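Before any comments, here is the structure.
A short reminder: the numbers here are calculations on the coordinates, not readings from a lab. Just so we're clear, the structure is a prediction, and the values are computed from it rather than from any experiment. Cβ atoms come from the backbone with ideal geometry, glycine included; neighbour counts cover every protein chain shown.
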Amino acid sequence: MALSSYGVSRSRGLLRDLLRNLCVAVASVPVLPAAGVYGSDRPAAAISLSTYVERNGNLVAGPGAIQLDSGAVTGGPGRVAGSWSSSTSAPAMFQRGVHYQSAQIVPVGSGINVTSKTHRVGWQYSFLTAPPAGIHAYLCNYARCVGLSGASGSTGAFEGDSGFSNFIFAFVIDGRGSLTPALQGSTSQVMVSYK
């Protein structure tokens, strides 16, 4: 059966209208803020550094310079119920002034659940070559991003946040323009103790 040119253009018009209506419907679906997302069987996704900066608007003067709440909580005494550790690859970085982030690091282990609360978080990241001056590293969960003081360490800044949460590493290098050669990521690891 052959379609007339009228039938083809009418089909295209109907398809275009259907796609336009679908896009409007999807755009009107409310999106929950990351801090309010708690799944019963899946951990809350980590917020991206860009989203965190947009929500909090705490950019410091200078390209790539960001001041985050790395000293939010110093941690303290408390009984730890368990811990988990997981890793992913650090991202490859090709441009200065661009935010790069790792894949989501998902909690592992049978003891962690939605009622768990984070106690302390240790981190470690590396690159295949020495990173250039002006690199800034951050660790983010569903609620906040924390500026990291070096390639390894630990923080109590996530104290009290849901222990059943993904983490990501985010990086930015001061300036603008391409990195030659590109900075190739290696291992990024978090170690989370929870109550």
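Within the range 136-153, the set of residues being aliphatic (A, V, I, L, M), within 16 Å of S188 (Cβ to Cβ) and within 17 Å of the chain's Cα centre (by Cα) comprises A137, L139, V146, L148.
Of everything in the range 174-195, what is under 18 Å from S126 (Cα atoms) and buried (at least 23 other Cβ atoms within 10 Å of the Cβ)? Give them in sequence order. Within the range 174-195, S188, V190 meet the criteria. Restricting attention to the range 84-107, the residues that are in a strand (DSSP E or B) and within 20 Å of Y142 (Cα to Cα) total 9. In the range 108-129, what residues are small (G, A, S) and in a loop (DSSP other than H, G, I, E, B)? Selection gives G109, S110, G111, S116. Look at G156 and say whether it is closer than 17 Å to M191 by Cβ, of a type in the set (G, A, S) and touching a Ser or Thr at 6+ places or on another chain (Cβ under 8 Å). Answer is yes for this residue.
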